[in-house]
1. Taking segment A:37-61 as the search range and keeping residues that are surrounded by 12 or more Cβ atoms within 10 Å (Cβ to Cβ) and more than 22 Å from residue B:106 (Cα to Cα), which one is nearest to the other protein chains (Cβ to nearest Cβ)?
2. Determine which member of the set B:69, B:64, B:45 is within 10 Å of another protein chain (Cβ to nearest Cβ) and of a type outside the set (A, V, I, L, M).
3. Please determine, by comparing only the residues of segment A:71-109 that are among the hydroxyl-bearing types (Ser, Thr, Tyr) and part of a loop (DSSP other than H, G, I, E, B), which one is surrounded by the fewest Cβ atoms within 10 Å (Cβ to Cβ).
4. Please list, ordered by residue number, the strands (runs of 3 or more DSSP E) wholly in segment A:1-70 having 1 or more residues that are out of contact with any Phe, Trp or Tyr (no Cβ under 6 Å at 6 or more places or on another chain) and closer than 28 Å to residue B:5 by Cβ.
5. Residue by residue through segment B:1-60, note down the ones that are farther than 11 Å from residue B:74 by Cβ, aromatic (Phe, Trp, Tyr) and surrounded by 21 or more Cβ atoms within 10 Å (Cβ to Cβ).
6. Within the bounds of segment A:76-88, is there any residue that is farther than 24 Å from residue B:107 by Cβ and over 10 Å from the mean Cα position of the chain (by Cα)?
7. Would you point out the residue of segment B:52-71, among those that are of a type in the set (Lys, Arg) and without any contact (Cβ under 8 Å) to a residue 40 or more places away in the chain, that is nearest to residue B:87 (Cα to Cα)?
8. Only one of these is within 14 Å of chain B (Cβ to nearest Cβ) and either out of contact with any helix residue (DSSP H, G or I) (no Cβ under 7 Å at 6 or more places or on another chain) or free of Cβ contacts under 8 Å to residues at least 40 places away in the same chain (or both): A:64, A:92. Name it.
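A short reminder: the numbers here are calculations on the coordinates, not readings from a lab. Just so we're clear, the structure is a prediction, and the values are computed from it rather than from any experiment. Using ideal geometry, Cβ is built from the backbone for each residue, glycine included, and neighbour counts are taken over all protein chains shown.
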Amino acid sequence: KNEVEQSPQNLTAQEGEFITINCSYSVGISALHWLQQHPGGGIVSLFMLSSGKKKHGRLIATINIQEKHSSLHITASHPRDSAVYICAVNPNTGNQFYFGTGTSLTVIP
Amino acid sequence: KAGVTQTPRYLIKTRGQQVTLSCSPISGHRSVSWYQQTPGQGLQFLFEYFSETQRNKGNFPGRFSGRQFSNSRSEMNVSTLELGDSALYLCASGRLAGGPETQYFGPGTRLLVL
C-alpha cells in the first residue's frame, strides 16, 4: 500500500486551462512537498506545506491536514508547464520522503 | 551558490560489478539524502546522512550502502549489481536534520546495468 496517492496519473490540457492535481496520504506528516520533474530527470521543489495555502506565480498549493489531502493548481497553463508533478510527504519520523507516483502533465499549445 | 552536483551523470556497468556514485551538496548543507527512481517503482528513499551519520535508511538490501565525509559530500555504493538496479539515482541536500525543509535535488546519475 502506498502512503501517498496521486490523481490523475496522466493529464492533457489545452494551453490556458486551469489544472488541478490531487494528493492524498495516509501517514502522519510534518510537511508535504510538491515537486516538478522535467524530462531529463532534474527535480525542482515547488512548495513545502504544513498548513493552509501557498502561491507562487501561477501555481497554488493547498493542504487540508484533517482530511490528509493536498491539491496543486496551475492557472493559465502553458506548454512549459509540461512535466511530471510529484507529491511527497515527510513522515513525522525522520527527514526522508514518501513519494506519490507522479502526475504526467502535457499542455498542448 | 552552486547547486547540488552528482557525478558521474551516466554510467554503464555489467551484472556483478560494483559502482560508486558521488553527491556534493550545496555549500553549507549538511544533510544528504539518496533516492532511486525507476519506471516501475517510482521514487524510493535509500538513506539520509547528516554530519557523517546515517540517520534513516529505506527498505533496500545491504548491497546498497553510503557514507558522508566531513565536508558533507556523500557517496553511495552498490555492490554485486543486478539488472534491476538500473535506475536514476538522485541525491538531495538540506540544511537541517530531522525536520521538514525544502530539499534541493541534484541532476541525478543514470545507471544502466547490462
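1. My answer is A:50.
2. Sole residue among the options that is within 10 Å of another protein chain (Cβ to nearest Cβ) and of a type outside the set (A, V, I, L, M): B:45.
3. The selected residue is A:93.
4. A:29-37, A:43-49, A:52-56, A:59-64
5. Of everything in segment B:1-60, those that are farther than 11 Å from residue B:74 by Cβ, aromatic (Phe, Trp, Tyr) and surrounded by 21 or more Cβ atoms within 10 Å (Cβ to Cβ) turn out to be B:35, B:45.
6. Yes, segment A:76-88 has at least one match.
7. B:63
8. A:92
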